[in-house]
Amino acid sequence: MSERASAIYQAVILNHNRSPKGYGVVPLATHEADGFNPICGDKVNVSAIIVKDKFVNLGFTAQSCALCRASASVMMEALADSTLSRAEEFVSQFENMIRGKGVVIKGDAAAFEAMRDYPARAKCVLLPWRTLTEALKNGSTASGVPPGLTSVSTELGE
Amino acid sequence: MSRFSRNGKLNIEELRKVFPVLSRQIRGKKLTYLDSGATTLKPLRVIEAVDHYYRNGTANIHRGVHLLSEEATSRYESTRTAVKDFLNAGDEREIVLTSGTTAGINLVAKSFVKSRVKTGDEILITAMEHHANIVPWQMLRDETGCKLVVAPVLEDGSLDVSAFKSLITGRTKFISCVWISNAFGVINPVKEMVHAAKSAGVPIMFDAAQAVAHEAVDVQSLDCDFLVFSGHKLFGPTGVGVLYGKMKHLEVMPPQMGGGDMIKSVSFEKTIYADVPAKFEAGTPDIAAVIGLGEGIRFVTEDLGFDVIRAHEQELLVAAELALQDVPDLKILGTAHPKVPIFSMILGKIHAHDVGTILDLQGVAVRTGHHCAQPLLARFGVPATVRASFSIYNDQEDIKALVQGLRKTLEMFA
């Protein structure tokens, strides 16, 4: 395996892809959103129960590439039991790390740092995080196709 | 014998030397370019022609009496002649220079078909169209109330020809079909399709975007009404394309864009349009790209010839099919023959984007995603595939690099 390939597809990412944390739709979710990447057709659903500004339950489902799925799993792990303000801060830190803004974060999420050199794939990695942000905005009214979709911006495609 | 061949056999080493980008290292590896379906690489003679125009002869066309303008006009118009010969059109005026395949299809939809359809009428396409040959017709459908009818594709990725024929009825007012599928590389039986259309008296257009770099086109013998393609899939620059149309059609079609260069005279009371094809070419075009397209065509006809191209590509097709058989868990969509070496692949349960990234890290450039043919992939129940599309400059080493890259991907996800 080449050095570069192992920088992206690190064991920690491949493990999260294989055995994702928090996989499934949270029943009776208070917050939910669907995310969609029109470039590749990846779909992500993020659902949560939030009580008193704290995640009580958080889950996701994905029909996606390994990077997107592993990224969602890492997000589940990082934000379980988190407060909303802490979650929003972490989402912003994660995005800044991916955008190559020199932010260092700890834990499994740090495994995605190499993605700053692969902007085409950054969209895959960020999809779950953007979907979570959308869910927090939407509350429980969201879900379902097109109207509730969060489309990542696209500069690609034939 | 042509510049890069002897006794019909391609001298691939010499040919590769005229594609400068092939000597580039990609992420520290030799470039294996397998994305010619998206756009072909450009040979030196195209690059130099574009460079020459900007460096030695920048001028606008069809106006000005100075030498630079005359030279630019002459080189611009020489592309029209080259296209006419390339397509074996009967008349140079049947060649409209556009910005690409998409522009050509949209022009025909708006200028030719729109006034010929009403509620209840039908436009026939196939299930293997590129979005460029779907969306303009949907827009027309929504505007006019006509119906878009789609001829199905069989399990092997080929057109269901008998269904196609049976869908041509008294309600069918226009047929627009792809010649070679951009997603699968499968070649449609265009002669048979034209025959079916003619028997019913329905005009037919071909999207030849993928076809022109692989197959000789003879619009007179084929007897199609319209044909469109893009320069950048024919070794030429982006931003230029061709609409071929029969003179009798082009003459009655109103222009869709007004401006300079498409008029005979303008007053505030009345404007008289220029003749075909100028009436469709408003504004200053991408002159450099048009000149480059002419060189792209000369590269194909003078330096290679379709016999050489076909022989080399069929060799690659057979060798790649054989080599890919040995990759475990690999499924190829669109196995029907005749086809050109374009392979739409699914590797086990690994997502196309992951395969594409791991191949890229080995220097192998492929397309991943839906290839602007979402309805076709949906027909096969997948959102995305990995597409390796070969061209004349690819060799056996490229097949090896692809197979090796796919095997590495499998190892990583084991």
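Since every read-out is calculated from the coordinates, none of them should be taken as a lab result. Remember, predicted model here, so these are calculated numbers, not experimental data. Here the Cβ positions follow ideal geometry from the backbone for every residue, glycine too, while neighbour counts run over all protein chains shown.
Mind listing which chymotrypsin sites (Phe, Trp or Tyr not before Pro) in segment B:192-270 are in a DSSP loop and have 10 or fewer other Cβ atoms within 10 Å?
Details: sites: B:Phe206, B:Phe226, B:Phe229, B:Phe235, B:Tyr244, B:Phe268; in loops: B:Phe235, B:Phe268.
Taking segment B:192-270 and a limit of 10 other Cβ atoms within 10 Å, the loop chymotrypsin sites (Phe, Trp or Tyr not before Pro) found are B:Phe268.
Restricting to bridges with both residues inside the protein assembly as shown, how much of the DSSP beta-bridge set is antiparallel, in percent to the nearest 5?
Roughly 70 percent of the beta bridges in the protein assembly as shown run antiparallel, per DSSP.
With +1 assigned to the C-beta of every Lys and Arg and -1 to the C-beta of every Asp and Glu, and no other charges, what is the dipole magnitude of chain B about the Cα centre in debye, to the nearest 20?
In total the dipole reaches around 480 debye.
Taking 31 Å as the cut-off for C-alpha to C-alpha distance, list the pairs among B:Lys29/B:Lys349; B:Lys233/B:Lys400; B:Lys30/B:Lys191; B:Lys173/B:Lys339; A:Lys21/B:Lys408 that go past it.
B:Lys30/B:Lys191
Looking at segment B:48-302, send over the antiparallel percent of its DSSP beta bridges, to the nearest 5.
50
Karplus couplings for segment B:174-183 from phi (6.51 cos²θ - 1.76 cosθ + 1.60, θ = phi - 60°), rounded to Hz, Gly and Pro as x?
Working through the residues one at a time gives 7, 10, 9, 9, 7, 7, 10, 5, 5, 7 Hz.
List the residues, sorted by chain then number, that are 5 or more residues from B:Lys339 or on another chain and whose placed amide H is less than 5 Å from its amide H.
B:Ile187
Using only Cα atoms, figure out Rg for the protein assembly as shown and give it as a multiple of 2.2 N^0.38 Å.
Taking N as the residue count of the protein assembly as shown, the ratio is 1.07.
In terms of modelled amide H atoms, which long-range or inter-chain residues lie less than 5 Å from the amide H of B:Lys147?
Amide H to amide H, under 5 Å and 5 or more residues apart or across chains, B:Lys147 pairs with B:Gly120, B:Asp121, B:Glu122, B:Ile123.
Which ³J(HN,Hα) values, rounded to whole Hz and listed in residue order, are derived for segment B:148-154 from phi using the Karplus coefficients 6.51, -1.76 and 1.60 in 6.51 cos²θ - 1.76 cosθ + 1.60 with θ = phi - 60°, glycine and proline given as x?
9, 9, 10, 6, x, 10, 7
Could you go through segment A:109-118 in sequence order and give the Karplus-derived ³J(HN,Hα) for each residue, using 6.51 cos²θ - 1.76 cosθ + 1.60 with θ = phi - 60°, rounded to whole Hz, and x for Gly and Pro?
The phi angles translate into 4, 5, 4, 8, 4, 4, 5, 4, 8, 10 Hz.
For B:Glu155 and A:Tyr23, FRET efficiency with R0 = 25 Å and r from the beta-carbon atoms, rounded to 0.05?
E(calc), rounded to 0.05, equals 0.15.
Run a plain Debye calculation on segment B:48-302 (Cα atoms as equal point scatterers, no solvent) and give log10 I(q)/I(0) at q = 0.11, 0.13, 0.16 Å⁻¹, rounded to two decimals, same order as the q list.
Cα-only, vacuum Debye calculation for segment B:48-302: -0.60, -0.82, -1.17.
Using unit Cβ charges (K, R positive; D, E negative) and no other charged atoms, how large, in debye to the nearest 20, is the dipole of segment B:359-414 about its Cα centre?
Here the size comes out at about 240 debye.
Specify the inter-centroid distance of segment B:346-393 and segment B:126-197, based on alpha-carbon positions, in whole Å.
Answer, in whole Å: 24.
Please list the non-local residues whose amide H lies under 5 Å from the amide H of B:His351, H modeled 1.01 Å from N, same-chain partners needing a gap of 5 or more.
A:Ala66
From Cα coordinates alone, what are the radius of gyration and Dmax values for segment B:1-105 in angstrom?
Cα radius of gyration and Dmax of segment B:1-105 are 17.8, 51 Å respectively.
Quickly estimate the mean residue ellipticity at 222 nm for the protein assembly as shown, helices only: each DSSP H run with n ≥ 4 gives -39500 (n - 2.57), and the total goes over all residues, rounded to 500.
-11500 deg cm²/dmol
In whole Å and largest first, what semi-axes does the C-alpha gyration tensor of segment A:3-144 yield when each eigenvalue is scaled by 5 and square-rooted?
Semi-axes from the Cα gyration tensor: 23, 16, 14 Å.
Under a cut-off of 14 Å between alpha-carbon atoms, report the aspartates and glutamates in cross-link reach of A:Lys52, not counting same-chain residues fewer than 8 places apart.
Result set, ordered by chain and number: A:Asp81.
Quickly work out the B:Phe268-to-A:Ser85 label distance, labels modelled 7 Å from Cα along the C-beta direction, and quote it in nm with one decimal.
So the two model labels end up 6.7 nm from each other.
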